[in-house]
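To start, the structure under review is shown below, and the notes come after it.
Throughout, read-outs are computed from the coordinates displayed, never taken from laboratory work. Given the structure is predicted, the values throughout are model-derived calculations rather than measurements. Cβ atoms come from the backbone with ideal geometry, glycine included; neighbour counts cover every protein chain shown.
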Amino acid sequence: MGGVETPSDLSSELKRTIGLRTVISTSAGLTFASSTFLIVVTVGFAVGGKGAWLPILIAGILCILAASAFAELSGLYPNAAGIRVYLQRAFSEQVALSASLTYMSIVLLVVGAEAYVLSFVLHDAMPSIPPPIWIFIMLTVATAANFRGLKVSGALQDLITYSVVISIILFSLLALKSVQLHIPSLIMPGNFSGVVTAVGFAIFLFVGFEWVTPLAEEVREIKTIAIGMYVAVILLTLVYSFIATAMFATTPNHSMLGTLTNRNPTPHLTFAMHVFGVPGKILMIITSIAMSLTTFNAGLISVSRFLYASARDHVLPNKLAHVSIKYATPDTAVIVVYLFSIMVSFLVYYTHTFLLMVNMAAATEAFIYAFAAAAVVKLRKSEPDRDRAFKIPGGTGVSTAISILFVVIGILVFIQPGWQTEGAGILLFCVSLCWWVYIKRVAIPRREQIKAMRSSRSTRRIRTEEGS
């Protein structure tokens, strides 16, 4: 499929069981997280409060453009390796493997950032139980569901994601019912530089929507990937805009932010308590837990499939390509993602490096979007006659503009003041460098060796057949 090699000893193949409903919930689910409330508040303060919906809307439109690039690429090469296949076809194997594996690592770090916020939510709910225990339980539940296959974990994802959407919209509408909004405060978000900064932060609110593309080998119809991404981004934009407006219209701003040196990690609980009292706070805690579970579950679903595909193609150790005969799931990959997620989650919890992870994830996401748009341009030129289920309107000029725009956004993330922005740039460089060295010294030589062995066996078989 797409020139990707499959080892002959693969025990089973992935099953096509996923429909549009689960594609939407998986695409939106990885972005729905308790940590998004901190970003909503950060965006709001950058633009003066009630105008927070505007940078969120702009970020949503930008992500629609990025979704268009992924829609074209996914239809062109429906593969569980996702972005790696796209970049390899457009550029080189070295670039594709390094970029995609760095990307995968950053998605797992998002889980760590989420664990930081979740730990405070759970501590607020049950102070007697240490937050790390709750983190362990949540990740274990999501992993257990993944072991049973996407029919189970996908159903779990559907239930939780759509319940979260309904819950947040109800919170927002009920809160806004008690206040009188003034149009000027909603459409005048402040100075231009504040809006630009806020858009950079708001990109994080959509991090991971495109990680549904690794499920391309398990959807019943490939077009549902594109449709699902569009619907998910629109849904996310509406939900975030509603809750941002409600929070800043009803709750004292300083109580949600805290101080610059001591941020309030649970502004959504502050909002719920201020507007609805203890019952509202309890319901928000339940919603927050559900949001974190969608992040953990969607991350396990998508990243484990990416690891499986990379191992199947001899980029990562072959054991990760094992598929459970009973459940038809990449069980070894799921376990590895589970263990790594627990490790990162505890690291972020104890070091409190939440903003560093956010900055790194937002910048990486922007660069990947730029890569995807550039890949569309390159493949339009190198493979013009190949069938495309979807094409970005406007030709290569639009795709080029999308690529340049996201490069600028990624750079802007790192030039903001503070050690957690500079540190994010340094850490991203180190992660990328490590993967670059691994690909150059280990993965590519192994792939070339396997190709040579197969070529040699093929030659001997042909000679044998000719001699007989």
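Annotations
- Once the Cα gyration tensor of the chain is diagonalised, semi-axes √(5λ) in Å: 39, 24, 20
- Each label was represented as a point 7 Å from its Cα along the Cα-to-Cβ direction; for Val95 and Lys440 these points are 1.6 nm apart.
- Ellipticity estimate at 222 nm from DSSP helix runs (n ≥ 4, -39,500 (n - 2.57)) divided over the chain, nearest 500: -25000 deg cm²/dmol
- Here is the result for the range 24-109: no chymotrypsin sites (Phe, Trp or Tyr not before Pro) lie in DSSP coil with at most 13 other C-beta atoms within 10 angstrom of their C-beta.
- Fewest-first sequence of Asp387, Asp313, Asp331 by Cβ atoms within 10 Å of each Cβ: Asp387, Asp331, Asp313
- For Ile402, Ile137, the sequence from fewest to most other C-beta atoms within 10 Å is Ile137, Ile402.
- Nearest-0.05 FRET efficiency for Ile61 and His123, computed from C-beta distance (R0 35 Å): 0.45
- Three-way shape call for the range 353-468 based on the alpha-carbon gyration tensor, with the a/c threshold at 1.5: oblate
- Spin-label proximity, Asn318 to the range 433-449 - amide N less than 13 Å from point 7 Å beyond Cα toward beta carbon: 446-447, 449
- Label-to-label distance, nm, for residues given as Arg454 and Asp387 (7 Å Cα→Cβ offset): 2.4
- Per-pair calculated FRET efficiency, R0 = 45 Å: Tyr162 and Ile415 via Cβ, rounded to 0.05: 0.70
- Counted without the sites themselves, the longest stretch of the chain free of GluC sites (Glu not before Pro) in a DSSP loop having at most 15 other beta carbon atoms within 10 Å is 222-468.
- Between the residues Ala328, Ile286, Ser25, the greatest Cα displacement towards the positive end of the dipole of the chain, with unit charges on the Cβ of Lys, Arg, Asp and Glu, is found for Ala328.
- Percentage relative contact order, the range 20-467, counting C-alpha pairs under 8 Å, at least six apart: 31
- For the range 389-452: rounded, prolate or oblate by the Cα gyration tensor [a/c cutoff 1.5]: oblate
- Cα-based shape type of the range 286-435, given that a ≥ b ≥ c are square roots of the gyration tensor eigenvalues and the cut on a/c is 1.5: oblate
- Exposure proxy order (Cβ contacts within 10 Å, fewest to most) of Met247, Met104: Met104, Met247
- Alpha-carbon centroids, the range 260-306 and the range 19-61: separation in whole Å: 13
- Residue among Ile169, Leu347, Ser128 farthest towards the positive dipole end of the chain, charges placed on Cβ: Leu347
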